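Enquirer: Take a look at the following structure, please.
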Amino acid sequence: MSPTIDLHRDGTALSAQRDAILRLLLARRPALKCRLREGASGALSIDLPGGRTIEIGRMRRRGEVRWVVVSPRITGLHHQVRVTDAATVIGVVRAALRALDELTTDEAAHAQRPGEPLRSPATVTA
């Protein structure tokens, strides 16, 4: 039987880091206040259109438990996620805001313009 790994050994320090991430996100993007929430596991989520989310939490990467930002990516017809880890609280905030900006830019680029056909893969033309 393998030993249990406690990803949350120091709950107080992690709670303080999560609170700092939340404060910094809201300081840089006050409009996120209505889209940010904390999940049951303690991960922070930024709700996105279409039911997608950017999640900020702890994950084992490169042999250590680190803060990570998991964000959706759309490449062509494929839906993928990007996992970005950061060594500092500021790095996590930057990664989350960069992911949010990239998604906003991608959505604007893929938005339907008047007079253009729908770009959805489910669209059937006769």
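Enquirer: Which residue is surrounded by the most Cβ atoms within 10 Å (Cβ to Cβ), if the candidates are limited to the stretch 77-99 and must be part of a helix (DSSP H, G or I) and either among the basic types (Lys, Arg) or out of contact with any strand residue (DSSP E or B) (no Cβ under 6 Å at 6 or more places or on another chain) (or both)?
Expert: Step by step, filter the stretch 77-99, then rank; the result is 93.
Enquirer: Considering only residues of the stretch 44-63 that are assigned to a strand (DSSP E or B) and touching an Asp or Glu at 6+ places or on another chain (Cβ under 9 Å), which is nearest to residue 102 (Cα to Cα)?
Expert: For the stretch 44-63, the residue satisfying everything is 54.
Enquirer: Restricting to the stretch 38-55, and then to whatever is among the hydrophobic types (A, V, I, L, M, F, W, C) and farther than 17 Å from residue 89 by Cβ, can you tell me which residue is farthest from the chain's Cα centre (by Cα)?
Expert: 40
Enquirer: So residue 106 ticks every box in (1) in a helix (DSSP H, G or I); (2) at pLDDT 90 or above; (3) touching a strand residue (DSSP E or B) at 6+ places or on another chain (Cβ under 8 Å) but one. Which box is left unticked?
Expert: (2)
Enquirer: Continuing with the same structure: Residue 43 versus (1) without any contact (Cβ under 8 Å) to a residue 24 or more places away in the chain; (2) out of contact with any helix residue (DSSP H, G or I) (no Cβ under 8 Å at 6 or more places or on another chain); (3) surrounded by fewer than 17 Cβ atoms within 10 Å (Cβ to Cβ): which is the lone unmet condition?
Expert: Looking at each condition in turn, residue 43 falls short on (3).
The values are calculated or read from the model by the stated rules, or taken from the named source; none is laboratory data. Everything numeric in this text was worked out from a predicted model, so none of it was measured. A quick note on method: Cβ atoms are made from the backbone with ideal geometry, for glycine too, and the neighbour counts reach across all protein chains shown.
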